[in-house]
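Inspection log for the structure reproduced underneath, given as structure tokens.
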Amino acid sequence: MSDCADDDGPVEIAIVGDLTDSESELTDRLLGIEPGGECTIYFDSPGGSPYCAVSLMTLIKLRRLRATGIVTGECSSATLWPFAACQRRIVTPFSVLLFHPMRWQSEENVGLAEASEWARHFGQLEQDMDTLLAHLFGVPTEFMRKWIIPGRYVSGRELAEAGMAELVELDQIHLVSINGATSENRSETTNGHNTAGTARRTTKVPARRRNRRRS
């Protein structure tokens with residue numbers, strides 16, 4: 001699919017499955033959107049590498065993309081960072097988001113010194129990323145950590161009640177304007193952002209599901 005500008009509306013991207021499996025293609029699609037441009041990102045992912053999550057989040061923020069994130073199924077673990085980076089966030093009562101401490105693993109045998117360094121590095125990375133996630137969602141770090149430790153599944157309704165997303169009932173989802181509000185009323189949250197245009201071009205990025213992880 002061509003990456004040239006589409007006068008019909010912003011690009012649509014589907015993040016499905018493990019983030020890590022689709023990092024290259026997701027990165028390419030985000031880079032194909034002009035700086036300051038609009039896009040709609042649909043989320044149904046259990047997570048993936050924290051480095052991949054940070055990279056996608058950084059691209060969204062660095063290029064000042066006016067992204068609308070919609071959780072169509074699951075948005076858990078590392079996927080929370082690119083979702084939180086979206087200017088507008090939409091969930092349904094059936095959206096599921098898992099907040100939990102960072103996990104890391106190695107596919108190879110490592111020495112004690114290297115394992116200790118990995119533990120030190122990920123301990124600091126986890127603390128910094130948790131603070132950043134709270135900042136992106138616009139909530140206190142202490143509030144966020146209550147969900148992260150020891151780990152908690154959060155429904156779309158709970159996320160909206162915390163002011164971190166807009167809640168749209170499933171039987172009203174067809175009325176949502178991807179660029180602004182529903183054609184009737186939109187939930188009032190701290191995350192409401194009005195944009196212009198109509199999303200028509202879709203870029204799907206499938207990936208196979210793996211076990212939930214942030215590393």
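Computed quantities for the displayed model
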| quantity | calculated |
| --- | --- |
| Subset of segment 134-172 (residues that are surrounded by 14 or more Cβ atoms within 10 Å (Cβ to Cβ), within 23 Å of Asp44 (Cβ to Cβ) and among the aliphatic types (A, V, I, L, M)) | Leu136, Met144, Ile148, Val154, Leu159, Ala160, Ala162, Met164, Ala165, Leu167, Val168 |
| Lone unmet requirement of (1) over 20 Å from Leu136 (Cα atoms); (2) modelled with pLDDT of 95 or more for Tyr42 | (1) |
| Inter-residue pairs, beta-carbon under 6 Å, first under 13 Å from Ala160 (Cα atoms) and in segment 76-92, second open to solvent by less than 10 Å² (accessible area, probe 1.4 Å) and among the hydroxyl-bearing types (Ser, Thr, Tyr), 6+ apart | Arg88/Thr68 |
| Where a residue in segment 137-153 is more than 13 Å from Leu97 (Cβ to Cβ) and free of Cβ contacts under 8 Å to residues at least 40 places away in the same chain and its partner, wherever it lies, is aromatic (Phe, Trp, Tyr) and not in a helix (DSSP H, G or I), with Cβ under 6 Å and at least six apart | none |
| Elements of type strands (runs of 3 or more DSSP E) in segment 1-83, at least 3 residues being touching a Lys or Arg at 6+ places or on another chain (Cβ under 6 Å) and surrounded by 20 or more Cβ atoms within 10 Å (Cβ to Cβ) | 11-16 |
| Strands (runs of 3 or more DSSP E) (entirely within segment 96-215) containing at least 1 residues that are of a type in the set (S, T, N, Q), out of contact with any His (no Cβ under 7 Å at 6 or more places or on another chain) and modelled with pLDDT of 85 or more | 152-155 |
| From the options Gly163, Gly151, Gly156, residue that is touching a strand residue (DSSP E or B) at 6+ places or on another chain (Cβ under 8 Å) and at positive phi | Gly151 |
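The values are calculated or read from the model by the stated rules, or taken from the named source; none is laboratory data. Owing to the predicted nature of the structure, the values given are computational and were not obtained by experimental measurement. Heads up, the Cβs are rebuilt from the backbone with ideal geometry, glycines too, and the neighbour counts pull from every protein chain shown. Quick note on the areas: whole protein, heavy atoms, side chains included, nothing else; ligands and nucleic acids left out. Shrake-Rupley method; radii C 1.70, N 1.55, O 1.52, S 1.80 Å.
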